[in-house]
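Contents: one structure, followed by commentary.
Please treat every number below as a calculation from the coordinates, not as lab data. As the structure is a computational prediction, the values presented were derived from the model and not from experiment. Glycine also receives a Cβ, built like all others from the backbone with ideal geometry; neighbour counts cover every protein chain displayed.
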Number of protein chains: 2
Amino acid sequence: MNLKHKILAMVNDDLEDIETALKQNLNPYLDIVSQTAGHILFSGGKRLRPLIMVLSARICGYRGNYDKTFSTMFEYLHAATLLHDDLVDEAKLRRGKPVAHSVWGNSIAVLVGDFLLARALSIAVETGRKNVIGIIAEVTEHMSQGEIHQLIRKGRLDLAEEEYMMIIQNKTALLFQGACRVSAIISDAAEKEEKAISDYGYNLGIAFQMADDLLDYTSDTGSLGKEVGADLKEGKLTLPVIYSLKKAGLEDRARMKMIIKNKEFSIHDFEILIALLKKYEGLKYTEKQAEKYIAEAKKALMVFEPSETRETLLNIADYVLARKV
Amino acid sequence: MNLKHKILAMVNDDLEDIETALKQNLNPYLDIVSQTAGHILFSGGKRLRPLIMVLSARICGYRGNYDKTFSTMFEYLHAATLLHDDLVDEAKLRRGKPVAHSVWGNSIAVLVGDFLLARALSIAVETGRKNVIGIIAEVTEHMSQGEIHQLIRKGRLDLAEEEYMMIIQNKTALLFQGACRVSAIISDAAEKEEKAISDYGYNLGIAFQMADDLLDYTSDTGSLGKEVGADLKEGKLTLPVIYSLKKAGLEDRARMKMIIKNKEFSIHDFEILIALLKKYEGLKYTEKQAEKYIAEAKKALMVFEPSETRETLLNIADYVLARKV
C-alpha cells in the first residue's frame with residue numbers, strides 16, 4: 001500500500017466528517033454564494049489544512065465535539081485566498097478545472113472570497129477563545145502581506161532566497177502553523193505540546209510550499225491540474241530558479257534570464273531551462289531544503305507518545321515530499 | 001454657519017486624532033500596502049463611521065484612551081469594501097479621483113482590500129472583547145452577502161422594495177450599527193444605552209444609503225466625485241427607480257425600462273428618466289423614507305441626557321439627509 005492510500009485508510013472517517021462540516025457551514029446562505037464557494041471548495045481539494053487540525057487536536061487530547069466544525073475555518077481561509085489569488089495570477093486552471101473567476105466572473109470571485117474569509121472569522125468567534133481569533137486575524141493579515149509582497153516582486157530576477165522564504169512563510173506556512181496551534185488551544189494542551197505541534201505545522205507548511213514550487217517544474221499539466229511552468233509565466237520566481245540563477249556562470253545565467261523574461265517561452269525554451277535547473281542543482285537544492293523542513297516537522301512530533309495519530313501525522317509529512325500533485 | 005461647518009467645528013479634534021490613528025495603524029507595513037491603502041484611505045473620505053463610533057463612545061461614557069484606535073477598524077472595513085466594490089462595479093471615479101484598481105491594477109485592489117479587512121479584524125482582537133470581535137465577524141459576513149445579493153440581481157428590473165431594503169441593510173446599515181454598538185460595549189454601557197445607540201446607527205445607515213442612492217439622480221459629476229447615473233449604468237436598481245417603476249402606468253413604465261436596459265443611455269435619456277422619477281414621485285418617496293429613518297435615529301438618542309455630543313450626533317443625522325456629496 002503506498003503512502004497516500006495508507007494515510008487515506010487512516011483518516012477516511014475524518015475526511016468524511018470534514019466534508020459534511022464544510023457543507024453544513026455554508027448551507028444557510030444564498031444559492032449563488034454556496035454554488036461559487038462550492039465550486040472551489042468541492043473540487044477535489046486535499047483538505048490538508050482541516051485534516052491536520054483534526055489530527056493535531058486528537059494528538060493534543062481534544063475531547064470536544066467541534067474539532068471538525070472548527071477545522072473548516074482553515075479550508076475556508078484557504079479557499080478564499082485561492083479565489084483571490086487565481087484572479088491576481090490570472091490563472092486558468094485549478095485542480096484540472098477552469099478557475100472560478102473565469103466561470104462566474106471576477107466580481108463573484110472577489111465577493112465570495114470575502115464571504116469565505118468572513119465565514120472563517122465567524123467560526124473562529126464560535127470557538128469562544130480570544131487567542132484562536134487572534135491567530136486567525138494574524139494569519140489572515142500575514143497571508144495578504146505575503147501575497148502582496150509576491151505580487152510586487154513579480155518579474156524581478158533579483159529575488160533572493162531570504163525574500164522567497166519570507167513570502168512562503170507568510171502566504172503558506174503560517175496557515176499550517178495556525179491550524180496546528182489552534183488545535184492545541186482548543187485542547188487546552190500544555191505549552192510544550194502547543195509549541196511542538198505549532199512547529200510541526202510551520203515546518204510542514206514551508207516544505208509543502210517548496211514541494212509545490214518544485215512540482216511546477218517536475219510535473220505535467222495532466223496530473224498537476226494546472227499549467228506547468230505557470231509560476232514562471234506569471235513572473236513568479238521560486239527557489240529552484242533563484243538558486244540556479246545564483247549558481248550559474250555568466251553565460252548560462254544570461255540564457256536563463258532571457259527565457260524567464262520572455263513570458264511566451266516555448267516548450268523547447270522551458271526544457272532548456274529545466275536542464276539548467278538540473279545542471280545548477282536548483283531542483284536538488286529545493287528538494288534538500290524541503291527534506292530538511294520535513295525532518296524538523298517530524299522531530300517536533302517526538303514530544304508526543306507513539307500513537308496511530310502520530311503515525312498518520314508523520315506519514316503526512318512524508319507525503320508532502322512524495323506527492324506528485 | 002451651515003450644518004456641515006457646525007459639525008466640523010465640534011469634531012475637528014476628533015477627526016485629527018482619527019487621521020493620526022488611521023496612519024499609525026498602517027505604518028509598520030510594506031510601502032506598497034500603505035500606499036495603495038493610503039490612496040483610498042486618504043482621499044478625502046468623510047470618516048463618518050469612525051467619527052460616529054468616537055462620538056457614540058463619548059455619549060456612552062467611555063473613559064479609555066483607545067476610542068480613536070478602535071474606531072479605525074470601521075474605516076478600514078469600509079475602505080476594504082470600497083476597493084473590492086469599485087472593482088466589482090467597474091467604477092471609474094471615486095471621490096473625484098480614478099479608482100484604485102485603475103491606478104494599481106485589479107490584483108493590488110483585491111489584495112490590499114484583503115489586507116485592510118485583516119487589519120480591521122486585528123484591531124477588533126485588540127479590544128480584547130469577544131462580542132466586539134463577534135460583531136465585526138457578523139458585519140463582514142453580512143456586507144459580503146449584501147454585495148453578492150446586489151450583484152446577482154444586477155440588471156433585474158423586478159427588484160422589489162423589500163429586497164432593496166435587505167441589500168442596503170446588509171451592505172451599509174449593519175456597519176453603522178456595528179460602529180455604534182461596539183462603542184457601547186467598550187464603554188460598558190447599560191443595555192438600554194447599547195440598544196439606543198445601536199438603533200441610532202442602524203437607522204442612520206439606512207438613511208445614509210438612501211440619500212446616497214438619491215444623489216446618483218440629483219447631483220452632478222463635479223460635486224459628486226463619481227459618474228452621475230453610475231448606479232443605473234451598472235444595472236443597479238435603487239429605491240427612486242423601484243418606486244417609480246411600480247407607480248408608473250404601462251406606457252411610462254415601458255419607457256423607463258427601455259432607458260434602463262440600454263446601459264449606454266444618453267444624457268437626454270437620463271433627463272427623461274429623471275422627469276419620470278419626479279412624475280411618479282420616486283425621488284420624493286425615497287426622500288420621505290430617508291427622513292423617516294433619520295427621525296427614528298434621532299428619537300433613539302433621546303435616551304441620553306442633552307449634551308454637546310448628543311447635539312453633534314443629531315446634527316450628523318440631519319447632515320446625512322442634507323448632504324450634497
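Which of the pairs A:Lys6/A:Lys298; B:Lys257/B:Lys288; A:Lys247/A:Lys278; A:Lys4/A:Lys192; A:Lys46/A:Lys171; B:Lys6/B:Lys298 have their Cα atoms more than 20 Å apart in this structure?
Among A:Lys6/A:Lys298; B:Lys257/B:Lys288; A:Lys247/A:Lys278; A:Lys4/A:Lys192; A:Lys46/A:Lys171; B:Lys6/B:Lys298, the Cα-Cα distance tops 20 Å for B:Lys257/B:Lys288; A:Lys4/A:Lys192.
Quick one: plug the Kirkwood hydrodynamic radius of region A:3-322 (C-alpha pairs) into Stokes-Einstein at 10 °C, 1.306 mPa s, and report D in µm²/s.
78
Springs between alpha-carbon pairs under 10 angstrom, Gaussian network model over chain A: which of A:Val182, A:Val241, A:Val88 fluctuates most?
Largest GNM mean-square fluctuation: A:Val88.
Less than 14 Å Cβ to Cβ from B:Glu251, Lys/Arg counted +1 and Asp/Glu -1: what total charge do the surrounding residues give?
After counting each charged neighbour, the total is +4.
Using DSSP to define loop residues, name the trypsin sites (Lys or Arg not before Pro) in region B:284-324 whose beta-carbon has at most 12 other beta-carbon atoms within 10 Å.
B:Lys324
Which one of A:Arg156, A:Arg181, A:Arg58 has the biggest mean-square fluctuation once chain A is modelled by GNM with Cα springs under 10 Å?
Looking only at A:Arg156, A:Arg181, A:Arg58, the largest GNM fluctuation is found for A:Arg156.
Of the candidates B:Ile52, B:Ile135, B:Ile267, which one comes out as most mobile in a Gaussian network treatment of chain B with C-alpha springs shorter than 10 Å?
B:Ile267
In deg cm²/dmol, rounded to 500, what helix-only [θ] at 222 nm does chain A give when every DSSP H run of at least 4 residues adds -39500 (n - 2.57) and the total is split over its residues?
Theoretical 222 nm ellipticity from helices: -24000 deg cm²/dmol.
Excluding residues on the same chain fewer than 8 positions from A:Lys154, give the aspartates and glutamates whose Cα lies under 14 Å from its Cα.
A:Asp85, A:Asp89, A:Glu90, A:Glu163, A:Asp231, A:Glu234
Binned at 20 Å from 0, what are the whole-percent values of the Cα-Cα distance distribution for the protein assembly as shown, short to long?
Percent of pairs per bin, in order: 18, 48, 28, 6, 0.
Nearest 0.05, what FRET efficiency do A:Ile267 and A:Thr218 give at R0 = 25 Å with Cβ-Cβ as r?
0.95
Indicate the gyration tensor shape class of region B:119-195 (rounded, prolate or oblate), computed on the Cα atoms with a ≥ b ≥ c the square roots of the eigenvalues: a/c under 1.5 is rounded; otherwise a/b larger than b/c is prolate and the rest oblate.
oblate
Return the distance in nm (one decimal) between the two label points of a simple spin-label model at A:Glu163 and A:Lys23, each offset 7 Å from Cα along Cα→Cβ.
It works out to 4.6 nm between the two label points.
Relative to the longest principal axis of chain B, what angle (0 to 90°, nearest 10) does the C-alpha long axis of helix B:191-218 take?
That helix lies at roughly 30 degrees to the long axis.
May I ask for the net charge around A:Gly201, where only other residues with Cβ less than 10 Å from the Cβ of A:Gly201 are counted and Lys, Arg are +1 while Asp, Glu are -1?
With Lys, Arg at +1 and Asp, Glu at -1, the neighbours total +1.
Could you list the residues of region A:230-256 with an amide nitrogen less than 13 Å from a label point located 7 Å from the Cα of A:Lys284 in the Cα-to-C-beta direction?
Answer for region A:230-256: A:244.
Could you list the GluC sites (Glu not before Pro) in region B:248-325 that lie in coil according to DSSP, counting only those with at most 15 other Cβ atoms within 10 Å of their Cβ?
In loop regions of region B:248-325 (DSSP not H, G, I, E or B), the sparsely surrounded GluC sites (Glu not before Pro) are B:Glu264, B:Glu281.
Pairing the Cα long axis of helix A:48-59 with the longest principal axis of chain A, what angle in degrees results, from 0 to 90 and rounded to the nearest 10?
Long axis of A:48-59 versus the principal axis of chain A: about 40 degrees.
What does the average come to when, for each residue of peptide A:123-131, you count the partner chain Cβ atoms lying within 10 Å of its Cβ?
Average neighbour count from other chains, rounded to a whole number: 3.
Using a 7 Å offset from Cα along the direction of the beta-carbon, what are the separations from B:Glu138 to the same position in each other copy, nm, ascending?
2.7
Nearest 10 degrees, 0 to 90: what angle lies between the long axis of helix A:130-152 and the longest principal axis of chain A (Cα atoms)?
Taking the Cα atoms of chain A, the angle to A:130-152 is about 10 degrees.
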